Amino acid sequence: MPAHTTGIGRVDGNVGFAVTGQNNTIFLGRREEREERINWLADSRMHRESLKRRFVEPEGFRAADSVLRMHGTVFLDGNPGSGRKSAALMLLWSRFDDDGSCRRVAFDDDSNDGAEALDPNTVAEGDRLLLDLSEDHGPGGGTNLSSRLATFCQSVQEKGAAFVVVLPPGWQQTTALHEQRLAGVVKRLGRPSGEAVFRSHVQAEHSLDVVDRHTLPHLAACVADAPMRDIAELALRFVEVRRRDPHASVTDAFAEARKSAEDYVADVAASVGRYAPQQRALLLAAALFEGSHTDAVHEATRLMLEALSFSSEEIHLLEQDGIDTRLAAVDVAVDSHRCVRFGNVGYHYAVARYFWANHPDLRGPLRDWIGCCVESSMMATSDRERAVERFAGQACRHGRSEDLHILAARWAKSGDSGRANLRAAWAARALDHALRWDGDDGHVAQLARKQLYDWATKGADPGLARVMIEVSAKVVADQYPDQALVRLRWLACHEDRRVQIDAVEATRVLARDRRVYRRLLWRMSDRWIHQRRPSDVRLFLETSAADVIMRVAGSDIRALIQERGVRQQLVQCWSAVFALDDVSRWGEHVRGWLDTAADTTAGGVGVDVLVDAAGPEVRTMARLYVVARNWADAAPGVRGPVLERLYRGIAQAQGLDVA
């Protein structure tokens, strides 16, 4: 049995949409066969609910939870493949009652606009923070990292946030971590029961408890030492077999699932050696489009031969074998709905892996082939979905994630006709796969985020820019809100006016989350607003809506503007806005602030912020007062007290006695 000696065999692929990792896997199954569908631009709430249905607490989980609640930080130790990342996410999600996402702390600062990954000023109240050092060992310089970690952890505790660090193997030999004096905040997690993990995954997909020691007596030995990823995949294969053949016994279904989880590539290699070139093309097309109609497979085969510039003697159409006969010759069946199927579950993944692994020179042409398939009018939406998903898996697995970037740019490019680009959705899908790929310690996802940054800073095609806005706001922002904000900020100054508007609107929607707004405001006040870009001023004014900042979010939650740090940052930003000396830019937004100030308990603080930002410039304060006076004249009875407070603040700023 190859690769593993766990009894499962080696499992390489993402079978369907997944939240996955070396130590964290939620396999949600193939889209066309799942009863419960999850949007491909899924957010953390969906991830959390999926993980909760599958999660099995490891030994030490409760102790780690106690440390996190007491200190605000916990460092997780454990063996690779034991589910540490899943446990980290569950710890963070259970820390607070809201449904906020978990922010990943990343060290790829070149695409994070130079911000310090462990800057304590970036921590906000209620933040959920995850640093996975099993993937990212951070920058060089152990002492520097040690001091930054210590300061960051202190800020986490002071601000009531939650911070979980997944330690790398052998962390005791890492100077930066050893110096951190981790005694008391390091908790070692055991390995959860493999049987329980398998059962939870099956139940989450099947809603039935069909697995026990009596029906599967060999399950315990099979999963005893297997990584969580492999157990999850085995469970998914088991569910797939049961769905294909509901009448199969549990024992037979498990046996077939085990076999499908093993590596079929050797069998594929033996078969391919017997096939002619056209048959090989048909076999690969059937693998990428398994589940599609025979017409789609026929079209995909034709396009592949064209992409590979394969020439053969012309045979009259009436002399050619039919598609069913040709498929049967490569051991591919056609079901009653005229859809192609391989006889063994998971065999099509082995076929794709074989060609990508053994024919490196084909990878570029196969990328172009997939591009043509998606663009073909002969393909249905489900055909395109299968093609992009399965191609993405092979590209990411074999170090060709840049192929997804190339295809995304190709599909997203704006046309000259002015009509909607229907292929843009597939550009977003390709980038989404790269951004969510977690089968290589996060390297593919990091490259995708870096590519988005490069496109944003260098001025991408307007069509591609609109796709970038979507994936930045809906995918990157889920776990890397800082990086999403950086990319959206660059897109907000794109030369295309429509792109500017869309980027500002996407940022505005994101910023309605209090945590995201705090991060945006910190960046604005720290650097962006002082660069005096008109786009930054517009971004600040549009995202700093008074109803978001001044209104109380709940009975026991104070308004954002009542937080001292937020007030100070708002003063800095408004001061930079007033310095532009252009009332036409800020007058309307000031009136909006005054409207909200008139009917909220925190409104007085909002007025004080405007006064502090305008001072000590007499000319600016005068203009601010004129705007406020004209605003108050429309409803003196309601607005008069607000104007009075602003007047007194301006007078005091000038040293005048207003008693």
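The values are calculated or read from the model by the stated rules, or taken from the named source; none is laboratory data. Keep in mind that this is a model prediction, so the values were computed, not measured. Virtual Cβ from ideal backbone geometry, glycine too; neighbours counted across all protein chains shown. Calculation scope for accessible area: heavy atoms of the full protein, side chains included, ligands and nucleic acids excluded. Shrake-Rupley method; radii C 1.70, N 1.55, O 1.52, S 1.80 Å.
In table form, for the structure just shown:
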{"item": "Residue check for Arg353: over 27 Å from the mean Cα position of the chain (by Cα) and either crowded, with 21+ Cβ neighbours inside 10 Å or not small (Gly, Ala, Ser) (or both)", "result": "no"}
{"item": "Pair list, Cβ < 8 Å and 6+ apart or interchain, from the range 52-81 residues that are of a type in the set (Val, Ile, Thr) to residues that are open to solvent by 70 Å² or more (accessible area, probe 1.4 Å) and not in a loop (DSSP other than H, G, I, E, B)", "result": "Thr73/Gln157"}
{"item": "Selected residue (criterion: modelled with the highest pLDDT) from residues of the range 128-139 that are on the phi < 0 side of the Ramachandran plot and open to solvent by 10 Å² or more (accessible area, probe 1.4 Å)", "result": "Ser134"}
{"item": "Of residues in the range 385-427 being of a type in the set (Lys, Arg) and in a loop (DSSP other than H, G, I, E, B), the one modelled with the highest pLDDT", "result": "Arg400"}
{"item": "Helices (runs of 4 or more DSSP H) fully within the range 521-585 counting 1 or more residues that are farther than 27 Å from Gly160 by Cβ and either at pLDDT 90 or above or β-branched (Val, Ile, Thr) (or both)", "result": "534-543, 564-578"}
{"item": "Evaluation of Thr325 against (1) of a type outside the set (D, E, K, R); (2) within 29 Å of Ile406 (Cα to Cα); (3) at pLDDT below 95 (one fails), failing number", "result": "(2)"}
{"item": "Residues being assigned to a loop (DSSP other than H, G, I, E, B), touching a residue at least 40 places away in the same chain (Cβ under 8 Å) and in contact with a strand residue (DSSP E or B) (Cβ under 9 Å, 6 or more places away or on another chain) - total across the range 338-378", "result": "1"}
{"item": "Tally, over the range 560-587, of residues that are within 36 Å of the chain's Cα centre (by Cα) and either among the β-branched types (Val, Ile, Thr) or farther than 18 Å from Leu521 by Cβ (or both)", "result": "5"}
{"item": "Count of residues meeting criterion [in contact with a Phe, Trp or Tyr (Cβ under 9 Å, 6 or more places away or on another chain) and open to solvent by 50 Å² or more (accessible area, probe 1.4 Å)] in the range 425-442", "result": "1"}
{"item": "Qualifying residue in the range 313-323 (condition: surrounded by 16 or more Cβ atoms within 10 Å (Cβ to Cβ) and either among the aliphatic types (A, V, I, L, M) or closer than 25 Å to Phe238 by Cα (or both))", "result": "yes"}
{"item": "Pick from the range 57-106, criterion at pLDDT 90 or above and among the β-branched types (Val, Ile, Thr), ranking: surrounded by the fewest Cβ atoms within 10 Å (Cβ to Cβ)", "result": "Val67"}
{"item": "Selection count, the range 519-572, where residues are under 26 Å from His494 (Cα atoms) and surrounded by fewer than 19 Cβ atoms within 10 Å (Cβ to Cβ)", "result": "12"}
{"item": "Leu366, sole failed condition from (1) surrounded by fewer than 23 Cβ atoms within 10 Å (Cβ to Cβ); (2) of a type in the set (A, V, I, L, M); (3) out of contact with any helix residue (DSSP H, G or I) (no Cβ under 6 Å at 6 or more places or on another chain)", "result": "(1)"}
{"item": "Residue that is of a type in the set (S, T, N, Q), at pLDDT 85 or above and either open to solvent by less than 10 Å² (accessible area, probe 1.4 Å) or closer than 23 Å to Phe55 by Cα (or both), where the choices are Ser207, Ser271, Ser200", "result": "Ser200"}
{"item": "Residue list for the range 597-639, filter: touching a helix residue (DSSP H, G or I) at 6+ places or on another chain (Cβ under 9 Å), assigned to a loop (DSSP other than H, G, I, E, B) and surrounded by fewer than 17 Cβ atoms within 10 Å (Cβ to Cβ)", "result": "Asp599, Thr601, Pro616, Glu617"}
{"item": "Of residues in the range 495-511 being open to solvent by 10 Å² or more (accessible area, probe 1.4 Å) and touching a helix residue (DSSP H, G or I) at 6+ places or on another chain (Cβ under 6 Å), the one farthest from Arg104 (Cα to Cα)", "result": "Asp496"}
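Rundown of residues vs (1) touching a Lys or Arg at 6+ places or on another chain (Cβ under 7 Å); (2) farther than 24 Å from Thr620 by Cβ, yes/no style:
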site: Ser544; (1), (2): no, no
site: Val548; (1), (2): yes, yes
site: Val552; (1), (2): yes, yes
site: Ile557; (1), (2): no, yes
site: Ile561; (1), (2): yes, no
site: Arg567; (1), (2): no, no
site: Gln572; (1), (2): no, no
site: Ala576; (1), (2): no, no
site: Leu580; (1), (2): no, no
